[in-house]
Amino acid sequence: MTTLTPADTAFRDEVRQFLATSLTPAMRLAGRRTAGIFTDAPDSRPWFRALAARGWSVPHWPVEWGGTGWTARQHDIFASECAAAHAPALAPQGVRMVAPVVLAYGTPEQKQRWLPAIRNGDDYWCQGYSEPGSGSDLASLQCRAVRDGDHYVINGTKIWTTHAQWANRIFCLVRTSTTGKPQQGISFLLFDMDLPGITVRPIISISGDHELNQVFFDDVRVPASALLGQENQGWTIAKYLLVHERGGTYTPALRARLLRMQAMATAAFASRPADDAERQAVATGLADAQCRVDALHALEQQVLADRIRGVDHPVAPNVGKLLGTELRQHLTELAVTIAGPYAAARLPAGEAGAHALALPEDALWAMGTYLNDRAASIYAGTNEVQRNLIAQHLLAAH
Amino acid sequence: MDPIFALDDTQALLQSSLQRWLQDNAPFERRAALLTTPGAVQPLWTGLAQQLGLLGAALPEAVGGQGGSLADHLVILQALGQSLLPEPYSACLVTGAGLLQRLPSAATQALLAGVADGAVRPVLAALEPGARHDLAQVATTLHADGTLSGRKALVRAAPQATHWLVSARDAAGTLRLAQVRPGAPGVTQRDVRLADGSWAAELAFDRTPTEPLPDVGDVLPLLQQVADEALLATGAEAVGVMQCLLRDTLDYVRQRKQFGVAIASFQVTQHRLADMHMALLQARALVAATLAAMDQPAAERGRAVATCQVQVARSARTVGQSAVQLHGGMGMTEELAIGHGFQRLTLIEHHQGGLAVHLQRVVRWQAMQSAPV
């Protein structure tokens, strides 16, 4: 909401210039058509490699590993410009999930082995946390890893594994001990997806998209060097990610969605009278959504600025996840309303306009994103669990 | 309590000395006494003016102030909000003095010097019965002979004012401000206690003599600007109130036992606490961000302030209602600060029109953005 400084304006122009030359029409189309949480890997990887070539693929990392050292405002400008230009939505498993724990807990050899390939886009990661019987109660996980000489032998299964069909690496929480509290017998392993004994089963979501998978491990032998940190330290490492904000923010993408929805509304009501009751209700809904985005934006900027100057707010990631996902879901509800009757149709995005009787692609996107986004309050720790964590902090801290 | 934005040394000192003074001199147990009559607030005013010397914090040095800005008002009102004693500071300093500062003359300079030392309390009387929240719907008339006739509705802090700044239309229909002294001929005044314990008055004027203020033409843009500033300042106050309610509620749910355990152990309680916390965080961050937007052109400023009030209203309702709910029956009584904080948040929620009015301001702004140039 505030005006940019000349330096920030120059930075924004630099980002825009980069987007104008490097974000191709095909990439923008892929971004626009993303109704799931993240853009499919085949469509997002060329964009990630372009970012890597520019030195902007891992902006939040420490500068010595390729981070940009930007200010909070620069991060915001970069994310906002990318979102507004419909850049593909990048899956975070490599850059924002495994990399921070490798940086915090990895040996020098592990950092050297994993980080450069994440930064340059050679490696694509997936996350093996949830199991069929272990969702919110993650510490009850059963997937076993047994030490056998220089290897661990893994048996079990992981579920809701986003983009496992494209990943060549996985980071996994596995059970290495059954004594003591469940949290104390968990280890954190990083290994290849092409090892013998790994199979991937697709899970098609209620929108018809394929983002999720179940992964099975059948006597999979992974080298002992796959272990991050100490054996049975995995729960601590997993929690590290929960309590340290890694700079991911929701509002740049939400604001881009809002703009898209405003354009959708203008088109949707173009041939309706000005006093159309639904049109007025939608206008109020959009204004309300903008107020909410502004409020969350202010909060995210405050948190990010504090983090950059070394002040971490203990439950800021939980607050951000909760507010961000609830607002995301709210926007999708509004998008379906705006889309109107055509929201009911289901077609692959590319086919909507490819006919003499064209269908509006945005309407299909609206329903797809509504259906997919129900996952937002479930993934990465359900919003009920997030509220528990926030309250526990409040009750302990004051 | 966390400040709304990063304070500089002067502001940090200002806020902590005010908080200490309020704890010593205006704790909750003494608050009712400060509100028994409009005049009972005098010890608070004397303290702010003389012991703390902060009434001039945001006033120019030329009139004996410290040369601060709207940011200082926010710092002060967050602390006054924590003590549930925002008035008459908000009405007199943010709105009253805010207006006088933009009406420069020897007379207004003298008034501002009086504000800084605590002798003058200027209050704006703008809204009228039936006009709801519209500063432009004014039937009060400024006659050619300088007298004033008309009616003003529920003017906050009017009973405590030394000067009323009354909006009225002249013969040409231009909106102007005239200065009226309480007790002047033709004034009818009815003091009214508000739902949060503070004071307001219904005012009527019948050929009441006025003292002139500098002619700046149509005063509507000025009134709107000061109203926006006052609304933002109220947001800062709301943050102070909400911080107190959340703190008190956390204390209460930890010690209150039902079914043999502290009610803090119930997830339904915990989730409500989490929602209160998130409501507070968003309001606080947006008040800070809005302060940075106040020097923008009127349309942008208005949009930013309206957005802020939408969030403040929403947060005030969430935090206020939840604080009462989690306190159970005790939240319903006048014995605890909780109930009074809820009363105050409820008035803040509907301040200058509340969520519905301010949301429509954002709707109009969006329509303006998408209209063809």
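Just so you know, all these numbers are worked out from the coordinates, no wet-lab data involved. Owing to the predicted nature of the structure, the values given are computational and were not obtained by experimental measurement. Here the Cβ is made from the backbone with ideal geometry for all residues, glycine too, and neighbour counts use every protein chain on show.
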Give the residue, chosen from A:Glu326, A:Glu333, that is within 14 Å of chain B (Cβ to nearest Cβ), surrounded by fewer than 20 Cβ atoms within 10 Å (Cβ to Cβ), out of contact with any His (no Cβ under 7 Å at 6 or more places or on another chain) and part of a helix (DSSP H, G or I).
A:Glu326
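Listed here are the residues, each with its yes/no results for (1) touching a His at 6+ places or on another chain (Cβ under 9 Å); (2) within 19 Å of B:Arg121 (Cβ to Cβ); (3) aliphatic (A, V, I, L, M).
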position: B:Ala6; (1), (2), (3): no, no, yes
position: B:Thr10; (1), (2), (3): no, no, no
position: B:Gln19; (1), (2), (3): no, no, no
position: B:Gly47; (1), (2), (3): no, yes, no
position: B:Gln66; (1), (2), (3): no, yes, no
Tell me, please, whether a residue that is touching a Ser or Thr at 6+ places or on another chain (Cβ under 9 Å) and surrounded by fewer than 21 Cβ atoms within 10 Å (Cβ to Cβ) can be found in the stretch A:187-199.
no
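Going through A:Thr21, A:Thr68 one at a time, which residue ends up being polar (S, T, N, Q), surrounded by fewer than 18 Cβ atoms within 10 Å (Cβ to Cβ), assigned to a helix (DSSP H, G or I) and away from every other protein chain (no Cβ under 14 Å)? Spell out how you get there, then give the answer.
On the way: A:Thr68 fails: assigned to a helix (DSSP H, G or I).
Testing whether each residue is polar (S, T, N, Q), surrounded by fewer than 18 Cβ atoms within 10 Å (Cβ to Cβ), assigned to a helix (DSSP H, G or I) and away from every other protein chain (no Cβ under 14 Å) leaves just A:Thr21.
Residues are listed down the side, and each one gets a yes or a no for (1) outside any strand (DSSP E or B); (2) of a type in the set (D, E, K, R); (3) at positive phi:
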{"site": "A:Phe188", "(1), (2), (3)": "no, no, no"}
{"site": "A:Pro196", "(1), (2), (3)": "yes, no, no"}
{"site": "A:Thr199", "(1), (2), (3)": "no, no, no"}
{"site": "A:Ser205", "(1), (2), (3)": "yes, no, no"}
{"site": "A:Asp209", "(1), (2), (3)": "yes, yes, no"}
{"site": "A:Asn213", "(1), (2), (3)": "no, no, no"}
{"site": "A:Phe217", "(1), (2), (3)": "no, no, no"}
{"site": "A:Val222", "(1), (2), (3)": "no, no, no"}
{"site": "A:Ser225", "(1), (2), (3)": "yes, no, no"}
Need the failing condition index for A:Ala358 against (1) more than 14 Å from chain B (Cβ to nearest Cβ); (2) assigned to a helix (DSSP H, G or I), just the number.
(2)
Condition (residue is within 24 Å of A:Ala345 (Cα to Cα), over 19 Å from the mean Cα position of the chain (by Cα) and not basic (Lys, Arg)) applied to the stretch A:235-257: is it met by at least one residue?
no
Return the residues of the stretch A:11-53 that are touching a residue at least 40 places away in the same chain (Cβ under 8 Å) and among the polar types (S, T, N, Q); say none if nothing qualifies.
A:Thr34, A:Thr39, A:Ser44
Go through the stretch A:262-278 and give me each residue that's more than 11 Å from every other protein chain (Cβ to nearest Cβ), outside any loop (DSSP other than H, G, I, E, B) and not small (Gly, Ala, Ser).
A:Met264, A:Glu278
Checked against (1) buried (at least 19 other Cβ atoms within 10 Å of the Cβ); (2) within 14 Å of chain A (Cβ to nearest Cβ); (3) among the hydrophobic types (A, V, I, L, M, F, W, C), B:Val357 satisfies every condition except (1)
Considering the stretch B:19-56 alone, what residues qualify as being closer than 11 Å to B:Ile76 by Cα and touching a Leu at 6+ places or on another chain (Cβ under 6 Å)?
B:Leu48, B:Leu54, B:Leu55
Between a residue in the stretch A:296-312 that is more than 9 Å from chain B (Cβ to nearest Cβ) and more than 13 Å from A:Thr251 (Cα to Cα) and any residue that is crowded, with 16+ Cβ neighbours inside 10 Å and among the acidic types (Asp, Glu), which pairs come within a Cβ distance under 9 Å, given they are 6 or more apart or on different chains?
A:Arg307/A:Glu245; A:Asp312/A:Glu245; A:Asp312/A:Asp306
Filter result (more than 10 Å from every other protein chain (Cβ to nearest Cβ) and assigned to a helix (DSSP H, G or I)) within the stretch B:285-300:
B:Ala298, B:Ala299
Subset of the stretch A:374-398, residues within 7 Å of another protein chain (Cβ to nearest Cβ) and in a loop (DSSP other than H, G, I, E, B), comes to A:His398
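Identify, please: which residue in the stretch B:247-277 is more than 33 Å from the chain's Cα centre (by Cα) and at the interface with another protein chain (Cβ under 8 Å from one of its Cβ atoms) and is, among those, nearest to B:Ala323 (Cα to Cα)? I'd like the intermediate steps shown before the answer.
Restricting attention to the stretch B:247-277, the residues satisfying the condition of being more than 33 Å from the chain's Cα centre (by Cα) are B:255-268.
Those left that are additionally at the interface with another protein chain (Cβ under 8 Å from one of its Cβ atoms): B:264, B:267.
Numbers: B:Ala264: 13, B:Gln267: 16 Å.
Checked the stretch B:247-277; the qualifying residue nearest to B:Ala323 (Cα to Cα) is B:Ala264.
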Can you tell me which of B:Ala153, B:Ala131, B:Ala172 is within 24 Å of B:Ile348 (Cα to Cα), more than 17 Å from the chain's Cα centre (by Cα) and surrounded by fewer than 24 Cβ atoms within 10 Å (Cβ to Cβ)?
B:Ala131
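Quick one: which of B:Gln321, B:Gln309 is more than 14 Å from chain A (Cβ to nearest Cβ) and in a helix (DSSP H, G or I)?
Values: B:Gln309 fails: more than 14 Å from chain A (Cβ to nearest Cβ).
Answer to the check: B:Gln321.
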